[in-house]
1. What ranking of 21, 29 emerges when the number of other C-beta atoms within 10 Å of each C-beta is taken as an exposure proxy, fewest first?
2. What list of ³J(HN,Hα) couplings, whole Hz, do you get for the range 36-47 from phi and the Karplus terms 6.51, -1.76, 1.60, once you set θ to phi - 60° and write x for glycine and proline?
3. Give me the orientation-averaged projected area of the Cα convex hull of the range 29-111, in nm², one decimal.
4. What is the order of 91, 79, fewest Cβ neighbours within 10 Å to most?
5. Please order 61, 90 by the number of other Cβ within 10 Å, starting at the fewest.
6. Which loop-located chymotrypsin sites (Phe, Trp or Tyr not before Pro) does the range 31-111 contain, where loop means any DSSP state but H, G, I, E or B and the Cβ has at most 15 other Cβ atoms within 10 Å?
Amino acid sequence: MMSRRKSPIFCWIWRAGETRTFSVYFAKTLVSELKTAVRLINNPHRSAGFRVLKAHDVPSVLLELGYLSNEHDEKLLVSAEWRERMALAVSEAIHGFFRPRLARQQEMPSQ
């Protein structure tokens, strides 16, 4: 069983532009899913102006799962079981983000 020590998982978003609302919504969904998989730090949802987060046409979220310079984080990062839990949480967040949009598209009458 892996340690339940708080993981330094951050979910960064860029708070500007037309896709900001989608980025914030997805970041909240992602943090919520990650909380079911690991204990998070007190403030995992942050904002920053990183270049990789400045796409104007798609929601942008940067997920940091740990630090290789931290011995405990490194042990988690090389654990197949821990990576599987993280992958499942991220996958569920993606499905949770798109599920309402796909449902609305299916409800629309075809033209």
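Here, each number is a calculation from the coordinates, and none is a lab measurement. Just so we're clear, the structure is a prediction, and the values are computed from it rather than from any experiment. When we count neighbours, we look across all protein chains shown, and the Cβ atoms used for this are built from the backbone with ideal geometry, even at glycine.
1. Details: 21 11, 29 19.
So the residues, fewest neighbours to most, are 21, 29.
2. Result, rounded to whole Hz: 7, 9, 8, 7, 9, 5, 5, 10, x, 9, 10, 10.
3. On the way: hull surface 31.4 nm².
If you wrap the Cα atoms of the range 29-111 in a convex hull and average its projections, you get 7.8 nm².
4. Numbers: 91 11, 79 14.
Ascending Cβ contact count within 10 Å gives the list 91, 79.
5. Working: 61 22, 90 17.
Result, fewest neighbours first: 90, 61.
6. Details: sites: 50, 67, 82, 97, 98; in loops: 50, 67.
Sites meeting the loop and neighbour criteria: 50, 67.
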